[in-house]
Amino acid sequence: TYTSTSQCNVTTMNNSVWLGQSNVLSSITIRFSRPVTNVGIAFTSADAGEVFTVTTNGKQPIQLKSSSSCENQINVTNNKVSFTGSNKVGGNLAIGGVWFTELKLEQNGQGGGSLFGFCLNNSDAL
């Protein structure tokens with residue numbers, strides 16, 4: 001567990017999840033008991049060189065929400081999120097479009113890792 005952190009006008013809450021560290025491939029899988037869509041993910045502390053791959057068993061694309069002041073340092077391509085620049089980056093992701101019951105985040109082992117908060121209050125469930 002970690003305390004809240006803010007970067008780029010994005011704040012992760014207390015008890016968020018740290019994922020990744022240098023030279024270690026890391027992942028987290030979240031399984032839902034019922035199908036969900038429109039799950040929000042806030043992240044902070046991302047470093048240049050880090051790449052996070054976001055997949056679901058529904059195989060839909062991710063969307064970058066526009067509430068980060070560092071959008072020009074965040075790249076989203078084919079469910080991979082990467083970062084540029086020399087400062088720590090924060091942002092928001094929205095996972096939705098089709099229903100899914102499994103969400104997986106994988107970190108490429110570069111940089112120092114990032115802090116993730118999951119917003120299930122904004123998700124829809126069947």
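The values are calculated or read from the model by the stated rules, or taken from the named source; none is laboratory data. What you see is a predicted model, and the numbers here were worked out from it, not measured in a lab. Neighbour counts run over all protein chains shown; Cβ positions are idealised from the backbone, glycine included. In case anyone asks, the SASA skips ligands and DNA or RNA and just uses the protein heavy atoms, side chains included. Shrake-Rupley method; radii C 1.70, N 1.55, O 1.52, S 1.80 Å.
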- Message: Can you tell me which of (1) more than 22 Å from V98 (Cα to Cα); (2) open to solvent by 20 Å² or more (accessible area, probe 1.4 Å) is the one P35 doesn't meet?
- Response: (1)
- Would a scan of region 22-36 turn up a residue that is closer than 20 Å to K104 by Cβ, at pLDDT 90 or above and part of a loop (DSSP other than H, G, I, E, B)? yes
- Note on the structure: For region 38-65 the number of residues that are over 14 Å from the mean Cα position of the chain (by Cα) and farther than 14 Å from E102 by Cβ is 2
- Any residue in region 57-76 that is in contact (Cβ under 8 Å) with a residue 24 or more places away in the chain, under 16 Å from L120 (Cβ atoms) and surrounded by fewer than 16 Cβ atoms within 10 Å (Cβ to Cβ)? yes
- Read through the list (1) within 12 Å of the chain's Cα centre (by Cα); (2) touching a residue at least 40 places away in the same chain (Cβ under 8 Å); (3) open to solvent by less than 30 Å² (accessible area, probe 1.4 Å), then give the number of the only condition that I28 fails. (3)
- Item | Scan of region 8-21 for residues that are open to solvent by 40 Å² or more (accessible area, probe 1.4 Å) and either touching a residue at least 60 places away in the same chain (Cβ under 8 Å) or part of a strand (DSSP E or B) (or both), ordered by number | N9, T11, M13, V17, W18, Q21
- Output for region 77-118, where each listed residue is within 11 Å of the chain's Cα centre (by Cα) and open to solvent by 10 Å² or more (accessible area, probe 1.4 Å): N79, K80, S82, N92, A94, K104, E106, G117, F118
